[in-house]
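Values in this text are rule-based calculations from the coordinates and carry no lab data. Because the structure is predicted, anything quoted here is derived from the model rather than measured. Counting neighbours? That spans all protein chains shown, and the Cβs are built from the backbone with ideal geometry, glycine included.
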Amino acid sequence: MKHFKLFLTVIGLAISSLAWAQGQNNSIPEVDIQNLNGTTFSTGDIKNDGKPIIINFWATWCSPCKRELNNITEMYDTWVDETGVKLVAISIDDTRNMAKVAPYVNGKGWEYDVYIDPNGDFKRALGVNNIPHTFLVDGQGQIVWQHNSYNEGDEYELYELVQKLAEGEKID
Amino acid sequence: MRFKGSLLLFGLLFAFGAQAQSFEEVMNQGKIRGNFQIEAQYYEEDSTIGAQEVPEQILSNGFLNLVYTNGGFSMGVRYESYQNALLGYPEGYQGNGIAYRYATYVKDELSVTVGNFYEQFGNGLVFRTYEERGLGYDNAMDGVRIKYRPFKGLELTALTGKQRLFFDYGEGIVRGFNAELYANDAFEFLKESKTRILLGGSAVSKYQADQDSRYVLPENVASFSGRANITRGKVNVNAEYAYKINDPSADNNYIYKPGEALFIQTSYSQKGFGLVLAAKRNDNMSFRSDRTEGLQNLLINFLPALTKQHTYNLLATLYPYATQLNGEMAFQADLIYKFKKGSVLGGKNGMDIQMNYSTANNIDTTSLNDLDTKRNGYTSDYFDVGEVYFKDFNVQLTKKFSKKVKGRFTYANLVYDQDIIEGKPGAPKVYANIGIADVTYKFNIRNALRTEAQFLVTEQDNGDWATLLLEYTYSPHWYIAFMDQYNYGNEDPDRQVHYYNISGGYNNKGNRISLSYGRQRAGIFCVGGVCRVVPASSGLYLSITSSF
C-alpha cells in the first residue's frame, strides 16, 4: 500500500482531534461566501451581539430544507422576541438556481439573513455532507450543537436549545 | 495517485504551527471538523425488474473528510474507498486512496491554496470545479491557487493545475485568471449609490499535446468571459458572455468552430412576490481538459440547465433534463406569490402559488458540409430557435388547512426528447402529464405522517406510472417510510411491475443511519443538477453519515 504512511497520518489526525476536542476553539470558520446581490461576505462576520445564532444549510431544490425553514418562519418573530436569536440561512444553490434564491426568500416572506455558498467553501469548512444541516452557535460564538436532516416538529427541539443558550445554560 | 509530497506537506504544516508555542497550544486554538459516509448495498438478482446478478454481492462507497482550521490557516484531506463502487457510479472509481488534500492560508489581502481546490469564476461558463459525492462527480483541481485583493473592491484570482479523473489526473493543464470588481467599494462616487454593480472577467486556457494522426489540433485552447451583476432595490440582472477559440474534441466531432455562450438571469422580488426570467444560449461550448473524454469527465466549465429542479420522485427521476453541451437555447420563467391570510384565496392560513415554465431547444444550424476540408462544421443564426428538446410547465400550490393538516399540490406538463437527452436513437418524444398531492398530517408536536400520491400519464416510453409514499416521522430522531412505484400503464403486462421500498432511519446530532430494502427502478438519479443513469437493482441498502 503506497500511501500507508499518509493513511496513518490521517488516522492519527482523527484520533488527535478527538483528544483535543475538549479545549478547542469551536468558532465559526472564516470563509468567503456571497450576499444575495453577488458581493463577497466573510462568514467571520456572522455575529449576533452575544445572543444565539442558528446556521442552517439549505437549497431551493431541497424539499425538507424548505419545509423546515417555512415552518420556522411561522414562529420566528416569537423566537426573536423571546431570545434574540438570529437565523442565518446558507443556500448551497449553484448557478442554475442562484437567481431563484432571493425571489423565493422574499416570496415566502423569510426574515432570515440569507447568503449563498455556490462554491461549497462554507459547507466543506463545517463538515456538512447532506442538507438540511443545522448548527447552533452560543453567545460566545462557539458552535455547540448540530443536526442533520429534518423531521416535522424538529423546530421545537431546536427552540428548546435556543432558549437554553439564551439563558446562558450549557447544552451537550 | 501521485501524492508523495503529501507527507512532507503535513510535516511542514505542523512545523509551521509549532514554532511559536507548544504544539498542543497551537492546535487548541484551531479546530478539526469533518464528515464520514459509508453506503453499502447487498444486491439480489431480480429478473422481474431486470436487476442483474452482482458478482461481489455487496458493494460499498465510503469517504472521510478532515479539515483543520486555525484562524486564516486550514488544511484538509479526504480518504475515499470503493469496494467496488455501487451500481450506477462511474466505473472509474475502484479501490482506495487519498483523493483530496490541500493547505490554505490567508495573510491580509493574500490567500494561497496548494493541493486540491474547488473554484468557480462568475457563473461557471468558463471555469467551475466542484463535487457531488452522491453522484461520484468530482473534477477538483490539483495545483496552486492565489487570490489577491490589491485594494477594496477588487479581487484577483490566478490558478493552475490538473483536474481529477477518478484516482488519476486528466492529461491537460488548466490555467485561469479571474478579476471581480465591486464598483461600489472601488469608486468613491458610487459608494452611496443604490445601484450595486459587480463586474467580472475571466480567461481560462488548457494545454494538451497534439498526438492525433488525423488532424492538426490546437494544443493551447483559451476561453474568455465577461459579466455584470447589477442590483437596484428589488431588481437584479446577472449577465455573462463567454467565448472559446476552436477546440476540436470528441464532443463536437473534431470541428474547428469557436464556441460561445450567453447567460442572462433577471429577477424582481418583494415580500410575498418573486419573479425570475432567464435565457441562455450555448453553442459548441463543451470545454474539457482532455479533448477525448466524454460523460461528466474532466469538464472545465459548467453550463447550467435552465429548468426547474424537481424533487418529487416521478418528476425528478423519470424525465429530468441536462444541458446539451454542443448547442442549446433555453428560456425560463419562475413565479412565486403568496396569497395573504384572510384574502379570498388565502383563507385563514394563507396560500402560496409557484409557477414555472421552461423550454430547452436546439440551436438552429446549417451544415457547411466541410468535414473533408476546413471542418468548421456548421453556421448558426444567433436568434433562431431549433427543435424542442424539453419543455416543462408546472404549477404548485402550498396550503395550510389547519394546525394539523397542510398540503402541496403539483401539476406538470412535460415534453422530453429521449433521443437527444438519453441518447436513445429513434425513441419518440415523451409527452407527459403529472399530478402530485403531498399531504402532511401532524398528530402532535413530535409525530407526523406525510403522504405523497403521484401520477404520471403518458402514451410513450413505459406508459403510466403511479407512486405512493408514506413517511412517518417521530421528531427529532426517527423516521420510517414505505414507497411503491407502480408502472401500471406499461404496454407489456409482464412489465407492469411494483417497485416497493421500505426504509427507516435514526439520527442524532451530526450522525445518521438508515436502512432500506426493496427495488430501485432503472432511471436517472440527479443531485444538484447533475444526473447519472442508474441500473435497476434490488436488495438491502445501508447508509451511515456523520459530521463532526
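So that you can scan it fast, the table gives a plain yes or no per residue for (1) within 14 Å of chain A (Cβ to nearest Cβ); (2) assigned to a strand (DSSP E or B); (3) out of contact with any His (no Cβ under 6 Å at 6 or more places or on another chain):
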site: B:Ala85; (1), (2), (3): no, no, yes
site: B:Pro90; (1), (2), (3): no, no, yes
site: B:Asp142; (1), (2), (3): no, yes, yes
site: B:Pro150; (1), (2), (3): no, no, yes
site: B:Thr157; (1), (2), (3): yes, yes, yes
site: B:Gly161; (1), (2), (3): no, yes, yes
site: B:Asn178; (1), (2), (3): yes, yes, yes
Task: Answer residue from segment B:345-368, given it is away from every other protein chain (no Cβ under 14 Å) and β-branched (Val, Ile, Thr) and is surrounded by the most Cβ atoms within 10 Å (Cβ to Cβ) among those - done: B:Ile363
- [ ] Identify all residues within segment B:180-213 that are within 13 Å of chain A (Cβ to nearest Cβ), surrounded by fewer than 17 Cβ atoms within 10 Å (Cβ to Cβ) and hydroxyl-bearing (Ser, Thr, Tyr); write none if there are none.
- [x] B:Ser193, B:Thr195
- [ ] Scan segment B:218-248 for residues that are over 23 Å from B:Glu180 (Cβ atoms) and crowded, with 21+ Cβ neighbours inside 10 Å and report the count.
- [x] 3
- [ ] Scan segment A:119-133 residue by residue and report those that are over 21 Å from B:Gly504 (Cα atoms) and under 15 Å from the mean Cα position of the chain (by Cα).
- [x] A:Gly120, A:Asp121, A:Phe122, A:Lys123, A:Arg124, A:Ala125, A:Leu126, A:Gly127, A:Val128
- [ ] Identify all residues within segment B:442-465 that are within 14 Å of chain A (Cβ to nearest Cβ), more than 20 Å from B:Lys391 (Cβ to Cβ) and either within 26 Å of the chain's Cα centre (by Cα) or surrounded by fewer than 17 Cβ atoms within 10 Å (Cβ to Cβ) (or both); write none if there are none.
- [x] B:Phe443, B:Asn444, B:Ile445, B:Asn447, B:Leu449, B:Thr451, B:Glu452
- [ ] Looking at (1) in a loop (DSSP other than H, G, I, E, B); (2) in contact (Cβ under 8 Å) with a residue 12 or more places away in the chain, find the lone condition where B:Asp364 falls short.
- [x] (1)
Open item on the list: Condition check: farther than 30 Å from B:Asp247 by Cα, of a type in the set (Asp, Glu) and in contact with a Lys or Arg (Cβ under 6 Å, 6 or more places away or on another chain). Does B:Glu452 satisfy that?
Closed with: no
Open item on the list: Considering only residues that are within 19 Å of B:Pro476 (Cβ to Cβ), of a type in the set (Val, Ile, Thr) and part of a strand (DSSP E or B), which ones fall in segment A:53-94?
Closed with: A:Ile54, A:Ile55
Task: Among (1) farther than 17 Å from A:Trp61 by Cβ; (2) assigned to a helix (DSSP H, G or I) - the single one B:Leu314 does not satisfy - done: (1)
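Residue-wise test of (1) within 28 Å of B:Arg101 (Cβ to Cβ); (2) surrounded by fewer than 21 Cβ atoms within 10 Å (Cβ to Cβ).
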{"residue": "A:Ala99", "(1), (2)": "no, no"}
{"residue": "A:Val105", "(1), (2)": "no, no"}
{"residue": "A:Ile116", "(1), (2)": "yes, no"}
{"residue": "A:Val128", "(1), (2)": "yes, no"}
{"residue": "A:Phe135", "(1), (2)": "yes, no"}
{"residue": "A:Ile143", "(1), (2)": "yes, yes"}
TODO: Look at A:Ile55 and say whether it is closer than 20 Å to A:Ile28 by Cα, touching a residue at least 40 places away in the same chain (Cβ under 8 Å) and more than 8 Å from chain B (Cβ to nearest Cβ).
DONE: yes
Open item on the list: Could you go through segment B:284-299 and let me know if any residue there is under 30 Å from A:Asn106 (Cα atoms) and either within 14 Å of chain A (Cβ to nearest Cβ) or within 21 Å of the chain's Cα centre (by Cα) (or both).
Closed with: no
TODO: Specify which of the listed residues (B:Gly272, B:Gly259) is among the small types (Gly, Ala, Ser) and at positive phi.
DONE: B:Gly272
